[in-house]
Amino acid sequence: MKRIILAFGIVLLLATQSFAAWTLTPSWVSKYAHYVQWKVICTSDGDALAKTDLVALMPAGLKAVAQGSTMMILKVSPGLTTVAPDNTFTVTLSDAQGAAVFTQTAVSNTADTTGLSLAKDFNQYPTVSSAFYLTLTDIGTAGDQVTLYFECWVED
């Protein structure tokens, strides 16, 4: 009986898939008057990142400021050395209804991509409301990282 239980346990262990997930870590960078900069460190699971709500992941203080802000500029900084992405990739941002409001293809995996106007696709700067979604194509191996820096305007 013990052998049957042991064999069953081994079969279950071998049949179970490992479901790793991306790690997204939003945090403050700086605030000056009406300008706020925040970032999201994105650590890959070795596959593409499905549409994920950044607002839901924000710490309370950042969420209170980011919601209602006008997103203006994006800087993408790939990880260095052991966490450098293997591939160029695409960044897509979507509004609370899930509609893509910004897409940048062929983002460099070796150098910073700066000065990306978030108004280029939508013809208007998007705002953060109840949700703000991020989608990334596969950047490479599990553990590879990119950091997205958002500069936004916050009204009084």
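Only the coordinates and a few stated rules stand behind these numbers; no lab work does. Here the structure is a predicted model, which is why all the values come from computation and not from measurement. No Cβ is skipped: glycine too gets one built from the backbone with ideal geometry, and neighbour counts run over all protein chains shown.
What number goes with the only condition from (1) surrounded by 14 or more Cβ atoms within 10 Å (Cβ to Cβ); (2) more than 17 Å from the chain's Cα centre (by Cα); (3) under 15 Å from residue 151 (Cα atoms) that residue 102 does not pass?
(2)
List pairs: first residue in segment 58-73 and free of Cβ contacts under 8 Å to residues at least 40 places away in the same chain and buried (at least 16 other Cβ atoms within 10 Å of the Cβ), second residue in a strand (DSSP E or B) and not charged (D, E, K, R) anywhere in the structure, Cβ distance under 7 angstrom, at least six positions apart or on different chains.
Pairs that qualify, where the first residue is free of Cβ contacts under 8 Å to residues at least 40 places away in the same chain and buried (at least 16 other Cβ atoms within 10 Å of the Cβ) and the partner is in a strand (DSSP E or B) and not charged (D, E, K, R), are 58/26; 62/26; 62/27; 62/28; 62/38.
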